[in-house]
Structure formats: C-alpha cells, structure tokens
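Undergrad: This is the structure, below, for whatever I ask next.
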Amino acid sequence: MNKLKEKAKELLTSGTVQVVVGYEKGTGGKIRPAFITRPEDTEKLVYDEDCHHNLALYLYKHETKHLGKIAVVAPPFVLRSILILTTEFQIEENSIVVLGVTSDEELTEFGSFSEIETWVNQHPVEMKDKDREILKQLSAMNREERWQFWQNEFSKCIKCFACRGACPMCSCFR
C-alpha cells in the first residue's frame with residue numbers, strides 16, 4: 001500500500017498527472033472513490049478487499065477529464081474495463097496512467113494498453129465460492145426456472161437507474 005501512495009505522490013508532484021482516482025475511507029469507514037489532486041492528500045489512499053467500485057467509470061466522465069491527465073488505481077476488474085473502454089474509443093492511451101494493483105497488493109505501472117492486455121490474459125478471473133455456487137444453481141435450472149429466477153431478481157428494480165450510473169460500460173451521456 002505504501003508503494004501506491006508513494007507512486008501517486010510522485011506522479012502528482014512531478015506534474016505527470018493532475019488527479020489520482022483511487023479509494024479512500026469515507027463516512028462510517030466505508031470505502032468510496034477518491035479524487036486526489038494534491039500530493040499531500042495521497043495519504044488518504046487505501047486498498048483492501050473492500051475496494052470494489054469500478055473506477056474505470058470515471059475515466060471518460062467530463063467531471064474527471066477536465067481535471068487533466070488521470071492516474072487510476074486499477075485492480076484486475078478495472079483493468080478489464082479499461083480494455084473494453086479503449087476498444088469503444090471512450091479513453092485514449094495517452095490520457096491516463098494505469099496503476100495496477102493485484103489481489104496481493106502488488107503495484108504495477110503499465111506503459112501501454114497492450115501490456116494491460118497481456119497481464120489480463122495471463123491472470124484469469126478468480127471466482128468467489130458464493131458466485132460459483134449461484135452459477136452452478138443457475139446452470140442446473142431449466143429454461144422456465146431461469147426465467148422465473150430472473151423475473152424475481154428484476155422485480156426488485158425500482159428504476160432508479162443507479163445500475164446505469166455505476167456501470168463503466170454505460171458511457172451514454174443522455
């Protein structure tokens with residue numbers, strides 16, 4: 001974690017980036033996205049198993065882009081999102097610095113999107129036991145049972161569109 005704070009501070013101090021998008025502790029100790037613009041504020045950065053917001057969402061938003069060049073803290077799921085966003089021309093390689101963080105909290109600064117792609121291809125997604133069990137149950141269902149399962153899940157939707165606001169792949173502004 002100290003390596004992440006040191007690298008973020010170095011990038012801001014040198015002027016290489018103008019904002020670091022990472023994670024910090026918020027109200028009640030909950031982890032939330034952080035937008036660090038001053039080197040002294042890099043001490044706020046945290047990284048642990050509770051850092052699950054997909055920060056790729058902020059790489060193409062006007063509110064973040066207007067701050068200048070962005071460094072983003074990118075666990076594996078964010079790295080995958082970055083690759084998809086590049087294929088959809090939502091972000092450009094020279095507009096961001098990617099600070100990859102692995103599950104064992106190793107820090108990797110990627111020099112190019114092709115380096116990210118190579119890393120992602122060499123590190124398969126690790127599915128949690130809980131998710132594996134749900135997938136197993138879904139796979140065992142027939143078509144009608146799956147339909148009923150999804151009808152039940154979607155019945156909880158109140159059409160607040162928070163899912164759309166949180167999804168890094170939903171890049172429409174209207």
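The values are calculated or read from the model by the stated rules, or taken from the named source; none is laboratory data. Keep in mind that what you see is a predicted model, and the values were worked out from it rather than measured. For neighbour counting, all protein chains shown are included, and Cβ atoms are generated from backbone atoms with ideal geometry for every residue, glycine included. For accessibility, only protein heavy atoms count, side chains too; no ligands or nucleic acids. Shrake-Rupley method; radii C 1.70, N 1.55, O 1.52, S 1.80 Å.
Undergrad: Checking Leu79 against (1) buried (at least 19 other Cβ atoms within 10 Å of the Cβ); (2) assigned to a loop (DSSP other than H, G, I, E, B); (3) touching a Phe, Trp or Tyr at 6+ places or on another chain (Cβ under 8 Å); (4) not small (Gly, Ala, Ser), which test does it fail?
TA: (2)
Undergrad: Please list, ordered by first then second residue, the pairs with beta carbon atoms under 6 Å, 6 or more apart or interchain, first in the range 51-78 and among the polar types (S, T, N, Q), second outside any helix (DSSP H, G or I).
TA: Asn54/Pro168
Undergrad: Then there's this: Could you check the range 115-133 and list, in sequence order, the residues that are modelled with pLDDT of 90 or more and in contact with a Leu (Cβ under 9 Å, 6 or more places away or on another chain)?
TA: Ile116, Glu117, Trp119, Val120
Undergrad: Please count how many residues of the range 38-71 are touching a helix residue (DSSP H, G or I) at 6+ places or on another chain (Cβ under 9 Å), more than 22 Å from Gly28 (Cβ to Cβ) and not in a helix (DSSP H, G or I).
TA: Looking only at that region, the number is 5.
Undergrad: Would you please list the contacts, defined by Cβ atoms under 7 Å and residues six or more apart or on different chains, that run from a residue in the range 122-147 that is closer than 30 Å to Gly100 by Cβ to a residue that is part of a helix (DSSP H, G or I)?
TA: His123/Pro76
Undergrad: In the range 117-135, is there at least one residue being open to solvent by less than 50 Å² (accessible area, probe 1.4 Å) and among the hydroxyl-bearing types (Ser, Thr, Tyr)? Don't jump to the end; show me each part of the working.
TA: So in the range 117-135, the residues open to solvent by less than 50 Å² (accessible area, probe 1.4 Å) come out as 119-120.
Imposing the further condition that a residue be among the hydroxyl-bearing types (Ser, Thr, Tyr) reduces the set to none.
Scanning the range 117-135, I find no residue that is open to solvent by less than 50 Å² (accessible area, probe 1.4 Å) and among the hydroxyl-bearing types (Ser, Thr, Tyr), so the answer is no.
Undergrad: Residues of the range 7-37 being over 16 Å from Ala71 (Cβ atoms) and outside any strand (DSSP E or B), which ones? Reasoning before the result, please.
TA: The initial filter retains those residues of the range 7-37 that are over 16 Å from Ala71 (Cβ atoms), namely 25-32.
Matches in the range 7-37: Gly26, Thr27, Gly28, Gly29, Lys30.
Undergrad: What's the number of the only condition in (1) farther than 30 Å from Leu67 by Cα; (2) open to solvent by 70 Å² or more (accessible area, probe 1.4 Å) that Glu105 fails to meet?
TA: Evaluating Glu105 over (1) farther than 30 Å from Leu67 by Cα; (2) open to solvent by 70 Å² or more (accessible area, probe 1.4 Å) leaves (1) as the failure.
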